[in-house]
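Worksheet for the structure shown next.
Bear in mind that the values in this text are calculations on the coordinates, not laboratory data. Note that the structure is predicted; figures quoted are calculated from it, not measured. All Cβ positions, glycine included, derive from the backbone under ideal geometry; neighbour counts span all protein chains shown.
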Amino acid sequence: MDKKRGKTLTITSGKGGVGKSSIVTNMAYILGANMESVYIVDADLSLGNIDIFFGMTPRFNIKDLIEGKKGINEIVVEGPNGIRFIPATSGIAELSSLTDDQRNILLSSLHELNGYDFMLIDTPAGISSNVIYFNSISESIYIVVTPDPASITDSYAVLKVLHNKTGRKDFNIIVNMAKDEAEALSIYRKLLSVTDQFLNIYLDYVGYIPVDANIRIATKKQKLWTEYYPDTPATKALVKICNKMVS
Ligand SMILES: Nc1ncnc2c1ncn2[C@@H]1O[C@H](COP(=O)(O)OP(=O)(O)O)[C@@H](O)[C@H]1O
Ligand SMILES: [Mg+2]
């Protein structure tokens, strides 16, 4: 039996609606198509929606795990391309801030999982205690930022809090919904100019995903855009990002 544990990474952001869950699910799809074995953890515990992106209705979720009613392998759901995901709940406010005991249950359960190449953790937006926690337990932190000025300032706020609370210095930046690569790079540089001035951290530009009308069409149909539109610009851009992740 393969007991290896792969890379763990969080996808996080300052502002909501920047495309984190969309990126996580489609990233998993591309990695899965590439024969990488992938877990997704829906860490937006109280407003999770990974299941919606897959068009699935899980029977159990992370609440059953945290309450000790189910084991991790009983709540894991299999999606396309062999992707396995751990569903969250929607509308259960009490999970929006985990207690220490709940964190311990969750962490030891995640440690039971093995034999994967990537564990992608989709966090809520913002700087809640759960966001800080999930970023602290992952090896790599990916911040999604868009050209929206609020997204840029909120990304800075998240970077500052994550750095101060976890001591992490290395962060990866994905620019989503940019017009083109030039705009994406200018967003990255804007962010870099403030972090270089005020924080002792490193930002690695991983890539960008263009704004792409096919994403909204696929999302409305609860289809993955990478599956539905394999040749659309957003898919090509995300494939490039995934190639970087596996190399
Ligand atoms: N590059 C893009 N171009 C067009 N629409 C996008 C793009 N990325 C994401 N979206 C759309 O933005 C919305 C919010 O995405 P979502 O992944 O739910 O954000 P988050 O998880 O950060 O809150 C979704 O309707 C999604 O289809
Ligand atoms: Mg989301």
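Summary of computed values
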{"item": "Where trypsin sites (Lys or Arg not before Pro) in DSSP loops with at most 14 other Cβ within 10 Å are excluded, longest remaining stretch of the chain", "result": "70-168"}
{"item": "Region 56-124: GluC sites (Glu not before Pro) falling in loop per DSSP and having at most 12 other Cβ within 10 Å", "result": "67"}
{"item": "Hydrodynamic radius by Kirkwood, which averages 1/r over all alpha carbon pairs of region 7-246, in angstrom", "result": "17.9 Å"}
{"item": "Charge context of residue 71, other residues only, Cβ under 11 angstrom, K/R +1, D/E -1", "result": "-1"}
{"item": "Environment charge of residue 155, counting only residues whose C-beta is closer than 11 Å and scoring Lys/Arg +1, Asp/Glu -1", "result": "+1"}
{"item": "Length released on extending from residue 236 to residue 194, taking residue separation times 0.36 nm less the Cα-Cα span", "result": "12.1 nm"}
{"item": "Gaussian network model of the chain, Cα within-10 Å springs - most flexible of 117, 44, 196", "result": "196"}
{"item": "Segment residue 57-residue 181, extension gain: residue separation times 0.36 nm, minus the distance between their alpha carbons", "result": "41.0 nm"}
{"item": "Sum of side-chain charges, residue 47 neighbourhood, beta-carbon under 14 Å (Lys, Arg +1; Asp, Glu -1)", "result": "-3"}
{"item": "Taking the C-alpha atoms of region 106-236, convex hull volume expressed per residue in Å³", "result": "134 Å³"}
{"item": "Label-point gap, in nm, between residue 101 and residue 69 - each point 7 angstrom along Cα→Cβ", "result": "1.7 nm"}
{"item": "Gap separating the Cα centres of region 175-230 and region 95-124, nearest whole Å", "result": "26 Å"}
{"item": "Relative contact order of region 7-246, pairs being alpha-carbon contacts under 8 Å that are 6 or more residues apart, as %", "result": "25 percent"}
{"item": "Span-like helix ranges in the chain, DSSP H, alpha carbon extent 24 angstrom or more, Kyte mean at least -0.5", "result": "149-166, 181-198"}
{"item": "Loop sites in region 133-208: GluC sites (Glu not before Pro), DSSP, at most 16 other Cβ within 10 Å", "result": "139"}
